[in-house]
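In what follows, a structure is listed as structure tokens, so that the remarks can point back to it.
Nothing in this text is a laboratory measurement; each read-out follows from the coordinates by a stated rule. Note that the structure is predicted; figures quoted are calculated from it, not measured. As a convention, Cβ positions derive from the backbone with ideal geometry for all residues, glycine included, and neighbour counts pool all protein chains shown.
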Amino acid sequence: MSLRIGVLALQGDFAEHMAIIRRCGAAACEIRRSAEIADIDGLIIPGGESTAIDKLMADNQDPIFDTILTRGQNGMPIYGTCMGSIFLAKEIEGSTQGRLALMDICVKRNAFGPQRFSFETSLDIPVLGPQSFPAVFIRGPIIKSVSSDVEVLSSIDEGIVMARQKNLLVTAFHPEITDDLRVHQLFLSMVSAAQKTLPVIK
Ligand code: GLN
């Protein structure tokens, strides 16, 4: 049975993640409500705007964020891209905005300046193999510090741009708008590994 990946579709570029997950051979579904989270194997939180999610957290009547938090704490793999990495972080430099605070990282938002300073670069990501990765940064954050059980998967001069902690994966850049499937394939391998460690219900 193919893996079923939910993509949080409350804001941001969720459509691109849906498309790339399908290209990787897994099923993708849009997530807008808490009840839709019950039967997914992994979740992607796309890029967008973290202050918009902060507002949604305050206004939303549906317990979607509590459900994501609980499933994340119980080991469901979650991949946060750009805004998603901010939303997963325990600490956001200089901000008290709402977040899931699941991952032991401290991020700085808009670390490269405004939209016009968006850029593309070739990243060295050893866990993906020797070929460099075409990384697109769009008003992205930088990961300023991580705790000792966070694996740093890629860095540039300004700081860390990709990291993993147990079931959580974050990138400060946007692989979903490139043709390179490797970051999503890495996430799917985490989802598949998490399936194997789940208890078998008889
Ligand atoms: N700058 C946005 C924020 O702080 C993130 C941008 C993105 O996700 N591309 O939330």
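Provide, for the chain, the number of lysine pairs with alpha carbons under 27 Å apart, each pair being eight or more places apart or on different chains. The result is 11. I want the local charge near Ile37. Using Cβ-Cβ distances under 12 Å, sum +1 for each Lys or Arg and -1 for each Asp or Glu among the other residues. Overall, the nearby charge balance is -2. For the chain, no complete DSSP H run has alpha carbons reaching 18 Å or more along its own long axis together with a mean Kyte-Doolittle score of 0.5 or higher.
Rounded to the nearest 500, what is the 222 nm mean residue ellipticity of the chain from helices alone, with -39500 (n - 2.57) per DSSP H run of 4+ residues and division by all residues?
-7500 deg cm²/dmol
Using the Cα coordinates of segment 55-99, the gyration tensor eigenvalues translate into equivalent-ellipsoid semi-axes of 17, 16, 9 Å, sorted from longest to shortest. With viscosity 1.002 mPa s and temperature 20 °C, the Kirkwood radius over alpha carbon pairs of segment 31-144 converts through Stokes-Einstein to a diffusion coefficient of 140 µm²/s. Note on Ala38 and Asp157: the extension gain reaches 38.8 nm, defined as 0.36 nm multiplied by sequence separation minus the Cα-Cα distance. Using a simple spin-label model with pseudo-atoms 7 Å out from Cα toward Cβ, Gln61 and Asp179 lie 4.7 nm apart. With K and R counted +1 and D and E -1, the other residues having a Cβ less than 9 Å from that of Ile64 yield a net charge of -1. Computed over the alpha-carbon atoms, the chain gives an Rg to Rh ratio of 0.94, Rh here being the Kirkwood radius from the mean inverse distance. At full extension, Lys196 and Val127 could sit 22.7 nm farther apart than now, given 0.36 nm per residue minus the alpha carbon distance.
Neighbours of Ile160 by Cβ distance under 14 Å: Lys/Arg scored +1, Asp/Glu scored -1, total -4. With 0.36 nm allotted per residue and the present C-alpha distance subtracted, the Glu30-Ala52 stretch has 6.1 nm of extension available. Between Ser118, Ser34, Ser95, the Gaussian network model of the chain with springs among Cα atoms under 10 angstrom shows the greatest mean-square fluctuation at Ser95. Which residues does a label at Ser95 reach in segment 56-70, if reach means a backbone N under 17 Å from a point 7 Å past the Cα toward the Cβ? Residues passing the 17 Å test: 56-59.
Top mean-square fluctuation among Leu169, Leu56, Leu88, Gaussian network model of the chain, C-alpha springs under 10 Å? Looking only at Leu169, Leu56, Leu88, the biggest GNM fluctuation is shown by Leu56. Applying 1/(1 + (r/R0)^6) with R0 = 22 Å to the Cβ-Cβ distance of Ser147 and Asn74, what FRET efficiency is obtained, to the nearest 0.05? The value I calculate is 0.65. Cα convex hull, segment 104-183: 91 Å³ per residue, rounded to a whole number.
Debye calculation, C-alpha points only, no solvent: report log10 I(q)/I(0) for segment 1-55 at q = 0.12, 0.22 Å⁻¹, in the same order as the q values. Normalising to I(0) and taking log10 leaves -0.26, -0.79.
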